[in-house]
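**Student:** Sharing a structure below in structure tokens format, with a few things to ask.
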Number of protein chains: 2
Amino acid sequence: MRTVDPAKHEAKRRAILDAAAGCFAMKGFEKTTTAEICRAAGISTGSLFHYFPNKRAVFVGIFEQDADETAALLAAAEQIEDPGEAILQVITHVSEQLLHPVIAKLVLEVAAQCSRDADLARLIQGNDRALRDGLVGLVTRAVDAGRIDPGFAPKTVASWLVALVDAPLSRVILEPDLDPAAELAVMKELIARFLRPVLSISPPAGGRVPDTGEISPG
Amino acid sequence: MRTVDPAKHEAKRRAILDAAAGCFAMKGFEKTTTAEICRAAGISTGSLFHYFPNKRAVFVGIFEQDADETAALLAAAEQIEDPGEAILQVITHVSEQLLHPVIAKLVLEVAAQCSRDADLARLIQGNDRALRDGLVGLVTRAVDAGRIDPGFAPKTVASWLVALVDAPLSRVILEPDLDPAAELAVMKELIARFLRPVLSISPPAGGRVPDTGEISPG
DNA sequence: GTCTATATAACGATAGAC
DNA sequence: GTCTATCGTTATATAGAC
């Protein structure tokens, strides 16, 4: 008779992951000790290695949860009739997460780690691409509906939308009294202006817009 | 009779800093050993501590050089008559730097370190603010000249311009075949659309733009 | 100023009792 | 499954000869 309760095991794994996320955000991967994670999770140092083979597996585990969340977010967005609204909802949700200092620190930490750990890089790349590909679908729908400018390829637009939510990250770290609501408002306006159909008589071609005399990209 | 040549001392300091920057970009702060820095710089482990009191001072030293470079960049931009052109030149220069993978890795590493080292954070914050404040001047000139939309405060615009050059950082790390020229082109277009004076009859107030039915920020 | 050699400290991971 | 105790490794920074 097995006394192991898989649900309980999974719950404890989650609890360790949560505790570890806080530690990694605060001190970074290398400087958080396994002992600290155990203390935060309320277990002893030996127990940690019953749930994870090593410290890196704990770190990676945190970001494996993201795939499910992203899938759920995209599935919800795809139910929205207005594709423009759907895009904004996705961007808003992701942005609001990233504007939390703890999340921002964790994201910067994982970005730094990715450049030196190919396995981790593949995981994060997969998460990023899932979000981007979901947005490609929504962008395509929005272009077809005439709601956004067809001047750029949907994939290019989607990539930049994902990049834009990362843009304020360093300010979240450096400027403690940053107002998340204000940042989000500017970002939405920035995106709206980026994507707005050009109001000129001649439709834009090849990513160009009519020269109206202001700052030009060329 | 002093045999010390200050110029030679400074040159060697620079050489160590250059070697260290490569190491830190490749392996991160904690995982690069002082021995590695010394090997890369062609000196022995004892000598390093003749030039820097400890490993962190080497890391910080890399970013102390940035202040001069930013000042020079802004001084050059302020000589340009057209403020829109000046803004684009600054953004382009900074962006081109950040699109190099080695620089990108170093920037992500320092961002991660900043969240845990108040002294380093102050240094980087100073560098960021110097760039931003220089841009505030250029933006103000451009608004007065009617070249960019007055809908946002110059400080807000300048902060976002600085943030925008950071936006592609994670993709630089995750997508090795990213085309820097293409990224820069999209970024310029994005900025142009963000800043373009609104073409409507009623001028925008309070950061709002006329509702034209597409994706809206509210 | 530059080198070799090393003191000292800390961490990740394991062993083995219960 | 969880604990305590500890091993082996590795790194920073210093000491002291030249």
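The values are calculated or read from the model by the stated rules, or taken from the named source; none is laboratory data. All figures in this text were calculated on a predicted structure; none of them were measured in a lab. All Cβ positions, glycine included, derive from the backbone under ideal geometry; neighbour counts span all protein chains shown. Areas reflect the complete protein model, heavy atoms only, side chains present, ligands, DNA and RNA absent. Shrake-Rupley method; radii C 1.70, N 1.55, O 1.52, S 1.80 Å.
One line per residue, one yes/no per condition, for (1) open to solvent by 40 Å² or more (accessible area, probe 1.4 Å); (2) more than 25 Å from B:Gln125 (Cα to Cα):
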{"site": "A:Ala130", "(1), (2)": "yes, yes"}
{"site": "A:Gly146", "(1), (2)": "yes, yes"}
{"site": "A:Pro150", "(1), (2)": "yes, yes"}
{"site": "A:Leu161", "(1), (2)": "no, yes"}
{"site": "A:Val165", "(1), (2)": "no, no"}
{"site": "A:Arg171", "(1), (2)": "no, no"}
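**Student:** What number of residues within segment B:168-184 satisfy the criterion of being among the small types (Gly, Ala, Ser) and under 18 Å from the mean Cα position of the chain (by Cα)?
**Tutor:** Of the residues in that region, 2 qualify.
**Student:** While we're on this one: Residues in segment B:26-52 that are touching a helix residue (DSSP H, G or I) at 6+ places or on another chain (Cβ under 7 Å) and more than 10 Å from DNA strand C (Cβ to nearest atom): how many?
**Tutor:** Qualifying residue count for the region: 7.
**Student:** Out of A:Leu135, A:Leu108, A:Leu74, which single residue is away from DNA strand D (no atom under 16 Å from the Cβ), within 11 Å of chain B (Cβ to nearest Cβ), modelled with pLDDT of 95 or more and assigned to a helix (DSSP H, G or I)?
**Tutor:** Checking each option against the conditions leaves just A:Leu108.
**Student:** Is it fair to say A:Ala76 is open to solvent by 30 Å² or more (accessible area, probe 1.4 Å) and either in contact (Cβ under 8 Å) with a residue 60 or more places away in the chain or not basic (Lys, Arg) (or both)?
**Tutor:** yes
**Student:** Right, next: Which residue out of B:Ala181, B:Ala104, B:Ala121 is surrounded by fewer than 18 Cβ atoms within 10 Å (Cβ to Cβ) and either over 23 Å from B:Asp66 (Cα atoms) or of a type in the set (A, V, I, L, M, F, W, C) (or both)?
**Tutor:** Testing whether each residue is surrounded by fewer than 18 Cβ atoms within 10 Å (Cβ to Cβ) and either over 23 Å from B:Asp66 (Cα atoms) or of a type in the set (A, V, I, L, M, F, W, C) (or both) leaves just B:Ala181.
**Student:** Would you mind stating whether B:Cys23 is outside the structural domain of B:Val143 (by TED's automatic domain parsing), over 30 Å from B:Val165 (Cα atoms) and in contact with a helix residue (DSSP H, G or I) (Cβ under 7 Å, 6 or more places away or on another chain)?
**Tutor:** Values: outside the structural domain of B:Val143 (by TED's automatic domain parsing): yes; over 30 Å from B:Val165 (Cα atoms): no; in contact with a helix residue (DSSP H, G or I) (Cβ under 7 Å, 6 or more places away or on another chain): yes.
No.
Let's see how each residue does on (1) in a loop (DSSP other than H, G, I, E, B); (2) of a type in the set (Gly, Ala, Ser); (3) open to solvent by less than 30 Å² (accessible area, probe 1.4 Å); (4) within 14 Å of DNA strand D (Cβ to nearest atom):
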| position | (1), (2), (3), (4) |
| --- | --- |
| B:Ala7 | no, yes, no, no |
| B:Glu10 | no, no, no, no |
| B:Ala15 | no, yes, no, no |
| B:Ala21 | no, yes, yes, no |
| B:Thr32 | yes, no, yes, yes |
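**Student:** Another question about this same structure. In the list B:Val94, B:Val60, which residue meets the criterion of being in contact (Cβ under 8 Å) with a residue 40 or more places away in the chain, within 16 Å of DNA strand D (Cβ to nearest atom) and surrounded by fewer than 21 Cβ atoms within 10 Å (Cβ to Cβ)? Before the answer, list the steps.
**Tutor:** Working: B:Val94 fails: within 16 Å of DNA strand D (Cβ to nearest atom).
Matching residue, one of B:Val94, B:Val60: B:Val60.
**Student:** Quick check: is even one residue across segment A:37-50 within 14 Å of chain B (Cβ to nearest Cβ) and open to solvent by less than 60 Å² (accessible area, probe 1.4 Å)?
**Tutor:** The answer is no; no qualifying residue exists.
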